1. Build a GNM of the chain with springs between Cα atoms under 10 Å: which of Lys50, Lys114, Lys134 gets the top mean-square fluctuation?
2. With contacts defined as alpha carbon pairs under 8 Å and 6 or more residues apart, what's the relative contact order of the chain in percent?
3. Relative to the first principal axis of the alpha-carbon coordinates of the chain, what is the inclination of helix 81-96, with its axis defined by its Cα atoms, in degrees from 0 to 90 and to the nearest 10?
4. Using a cut-off of under 19 Å, list every residue of the stretch 86-116 whose amide N is near the label point 7 Å from the Cα of Thr47 along the Cα-to-beta-carbon line.
5. Between Gly88, Gly116, Gly31, which gets the highest mean-square fluctuation from a Gaussian network model of the chain, Cα cutoff 10 Å?
6. Find which of Asn51, Phe32, Pro6 sits farthest along the positive direction of the dipole of the stretch 1-70, computed with +1 on the beta-carbon of Lys and Arg, -1 on that of Asp and Glu, about the Cα centre.
7. Which angle from 0 to 90°, rounded to the nearest 10, does the C-alpha axis of helix 4-24 make with the longest principal axis of the chain?
8. Can you give the relative contact order of the stretch 80-170 as a percent, counting alpha carbon pairs under 8 Å and 6+ residues apart?
Amino acid sequence: MEILVPILIVLATVVAMEFVAWSSHKYIMHGFGWAWHRDHHEPHDNTFEKNDLFGLVGAVMSISMFALGSPLVLGEAAWIPATWIGLGILVYGIIYTLIHDGLVHQRYFRWVPKRGYAKRLVQSHKLHHATIGKEGGVSFGFLFARDPGKLKAELRQQREAGTAVVRESAGA
């Protein structure tokens, strides 16, 4: 029973990180952080992208939580739940790296899912990349993929309203 609370904190943090990722992707990466994120939306042959710097931001968040929870760092002032929050952020970062960078963008391995949730994840993120520039767009999250048909309809509406420039290949 003693381990249940830390496990719940880690799991709650992983879920919360999806909302942190969604909002930072929509409002920071496609806002004032576009200078770092732009190359992720443009074709290139580089191994690394400026966009990878956002991973370092996540690492700093996780390390900071580990430090806040560590009696070795803060002594009696340590807040132990911060350790489990730091672990949740780390777990989310690993999942993000495997799914977003690995599965969707195939930076580490080659596998194209033919069905199921993995296919839906890839489709919804490809629809995120269907816009040109930082304006408009759909599917800013990474792990909770919405119905691709609904995302295409949103892209179509954005194109018709003039709030986004959508690539013709997107089928929206």
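1. In this elastic network of the chain, the residue with the biggest mean-square fluctuation among Lys50, Lys114, Lys134 is Lys114.
2. Working: 206 pairs, mean separation 36.2, N = 172.
Computed over the chain, the figure is 21 percent.
3. Its long axis makes an angle of about 30 degrees.
4. 97-98, 101-103, 105-110, by backbone N distance to the label point.
5. Top of the fluctuation ranking is Gly116.
6. Phe32
7. Roughly 30 degrees, rounded to the nearest 10.
8. Working: 89 pairs, mean separation 20.9, N = 91.
Reported relative contact order: 23 percent.
The values are calculated or read from the model by the stated rules, or taken from the named source; none is laboratory data. Because the structure is predicted, anything quoted here is derived from the model rather than measured. Quick reminder, even Gly has a Cβ in these numbers, built from the backbone with ideal geometry, and neighbours come from all protein chains shown. With ligands, DNA and RNA removed, areas are computed over all heavy atoms of the protein, side chains included. Shrake-Rupley method; radii C 1.70, N 1.55, O 1.52, S 1.80 Å.
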